[in-house]
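A short worksheet on the structure shown next.
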Amino acid sequence: MFQLVPDGCWYTNLRSALPRAVWDKLRRAAYARAGGRCSICGARGRLEAHEVWSYDDAAHIQKLEDVIAVCPACHAVIHIGRTQLKGDIRAAEEHFMKVNDCTYAEYRAALGEANAAHIRRNRVPEWGLDISKL
């Protein structure tokens, strides 16, 4: 559930790259597909649009896979590094453990795997961008 974006890809997002009307159409479509529920935990309430990216580590391509609707709690977990910098880590840890029905040790192991991938991807000097999904 973590998405640790390589440092070189920070601020590469559809919301800032596309005209506002296009981004609004994409996020509203994600909200409609989700039927008013978080795509991860199923919670009802305010939703946020999240871009799902995959990384081709061999070709150094960051590829857009989807735009999904998530609740703020799941979004905080997805962007755990940002959440930690903001000082909101405890709530995100608890949400991850609840959604994944896991222990703190299992949470730390999953975060360790995500951090290892992040470190490996940060060795790539520049990532190409594939938004052909649009």
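The table for this structure:
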| item | result |
| --- | --- |
| Modelled FRET efficiency - R0 22 Å, residue 1 with residue 21, Cβ distances, 0.05 increments | 0.15 |
| Residue 60 versus residue 91: modelled label distance in nm, points set 7 Å from Cα along the beta carbon direction | 3.9 |
| Rounded percent of accessible protein surface that carbon and sulfur make up, the chain, 1.4 Å probe | 52 |
| Hits among lysines - C-alpha to C-alpha of residue 25 under 26 Å, sequence gap 8 or more where chains match | 63, 133 |
| 1, 97, reordered so the largest accessible area comes first (probe 1.4 Å) | 1, 97 |
| Overall form of the chain per C-alpha gyration tensor (a/c, 1.5; a/b vs b/c) | oblate |
| Per DSSP, loop trypsin sites (Lys or Arg not before Pro) in the range 1-74 with at most 10 further Cβ within 10 Å | 46 |
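The values are calculated or read from the model by the stated rules, or taken from the named source; none is laboratory data. Values in this document were obtained by computation on a predicted structure and should not be read as measured data. Counting neighbours? That spans all protein chains shown, and the Cβs are built from the backbone with ideal geometry, glycine included. Protein only, heavy atoms only, side chains kept; ligands, DNA and RNA dropped before computing areas. Shrake-Rupley method; radii C 1.70, N 1.55, O 1.52, S 1.80 Å.
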